[in-house]
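Step one of this worksheet: look at the structure below.
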Amino acid sequence: MKILYSKYDKHQIVNLPVVQFEGRVIVIQSAGEARRAIDYLLTFPRVGIDTETRPNFKPGGMNPVALLQVSTPEACFLFRLNRIGLPSSIIRLFTDKGTQKIGLSLHDDWAQLRKRADFHPENDIDLQDYVKPLGILDMSLQKLYANLFGYKISKTQRLTNWEADVLTEKQKRYAATDAWVCLQLFDEVNRLLKTRDYQLITTNDEP
């Protein structure tokens, strides 16, 4: 039986082993590449979604979304939106009713992506809502993954330059991991809701 916590102690995350996506990472830098990638991704029943934005350290400043990550269980596509914008092929994925889009805090991602082009997402699932029936109150991706799997998602690359001419291998692995783990979390939540093979420990709010 799996032990879950309503609130996971952030201090425990430091000591956990690190999880990293080890599959294929494909960087997309042209509209043609994007079209072919989307054709492939639409053959899957569901994909993991995440975005990255170049940090702006000035008060109130917010840069446009620079990178869109779309992951299958074995491969992750990194769409460099700072170079290709938001072409119709990507919008086709967002609005497709057949392929589920799984992400965390998707409302925020959609809002930022709509600044590049308008669209209405279909068949999307936000993990922040999806985990609530388990009694989990933590909503960060790192805490959710630690809670359900006992591994740490490294955040060391989060504030790096996502508009750099060439993304580093560490950036690519970080970005791919964030999209890929969304699929893992979705499958595990489904399993636990079906089997009820878990015990929830209610903890006090962190100070």
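State which residue is surrounded by the most Cβ atoms within 10 Å (Cβ to Cβ) when the search covers only region 151-207 and only residues that are among the hydroxyl-bearing types (Ser, Thr, Tyr) and assigned to a helix (DSSP H, G or I).
By that ranking, first place goes to Thr177.
Working carefully through the options Gly98, Gly103, find the one that is of a type outside the set (Asp, Glu), within 18 Å of the chain's Cα centre (by Cα) and closer than 23 Å to Arg35 by Cα.
Criteria check complete, one pass: Gly103.
Which condition does Thr177 not pass, out of (1) more than 14 Å from the chain's Cα centre (by Cα); (2) among the polar types (S, T, N, Q); (3) closer than 20 Å to Leu16 by Cα, if it passes all the others?
(1)
In the set Leu86, Leu4, Leu67, Leu78, which member is assigned to a loop (DSSP other than H, G, I, E, B) and either surrounded by 20 or more Cβ atoms within 10 Å (Cβ to Cβ) or among the aliphatic types (A, V, I, L, M) (or both)? If you could, list the steps in order and put the result at the bottom.
Details: Leu4 fails: assigned to a loop (DSSP other than H, G, I, E, B); Leu67 fails: assigned to a loop (DSSP other than H, G, I, E, B); Leu78 fails: assigned to a loop (DSSP other than H, G, I, E, B).
Within the list Leu86, Leu4, Leu67, Leu78, the selection yields Leu86.
For residues that are over 19 Å from Pro55 (Cα atoms) and surrounded by fewer than 16 Cβ atoms within 10 Å (Cβ to Cβ), tally how many sit in region 93-123.
Here the count works out to 9.
Can you say whether Ile153 is touching a strand residue (DSSP E or B) at 6+ places or on another chain (Cβ under 8 Å) and farther than 15 Å from Phe21 by Cβ, as far as the supplied structure shows?
no
Out of Leu141, Leu137, Leu86, Leu167, which single residue is within 21 Å of Ile13 (Cβ to Cβ), of a type in the set (A, V, I, L, M) and over 16 Å from the mean Cα position of the chain (by Cα)?
Only one candidate passes the filter, namely Leu137.
Identify, please: which residue in region 28-43 is loosely packed, with under 15 Cβ neighbours inside 10 Å and not in a helix (DSSP H, G or I) and is, among those, nearest to the chain's Cα centre (by Cα)?
Of everything passing the filter in region 28-43, Leu42 is nearest to the chain's Cα centre (by Cα).
Yes/no per residue for (1) aromatic (Phe, Trp, Tyr); (2) under 24 Å from Val131 (Cβ atoms); (3) touching a residue at least 24 places away in the same chain (Cβ under 8 Å); (4) out of contact with any helix residue (DSSP H, G or I) (no Cβ under 6 Å at 6 or more places or on another chain):
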{"site": "Arg35", "(1), (2), (3), (4)": "no, no, yes, no"}
{"site": "Pro45", "(1), (2), (3), (4)": "no, yes, yes, yes"}
{"site": "Leu81", "(1), (2), (3), (4)": "no, no, yes, yes"}
{"site": "Pro87", "(1), (2), (3), (4)": "no, no, yes, no"}
{"site": "Ile102", "(1), (2), (3), (4)": "no, yes, yes, no"}
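May I ask you to verify whether Pro59 is outside any strand (DSSP E or B) and either among the polar types (S, T, N, Q) or farther than 21 Å from Phe186 by Cβ (or both)?
yes
Bear in mind that the values in this text are calculations on the coordinates, not laboratory data. Bear in mind the structure is a predicted one, so any value in this text is a computation, not a measurement. Neighbour counts run over all protein chains shown; Cβ positions are idealised from the backbone, glycine included.
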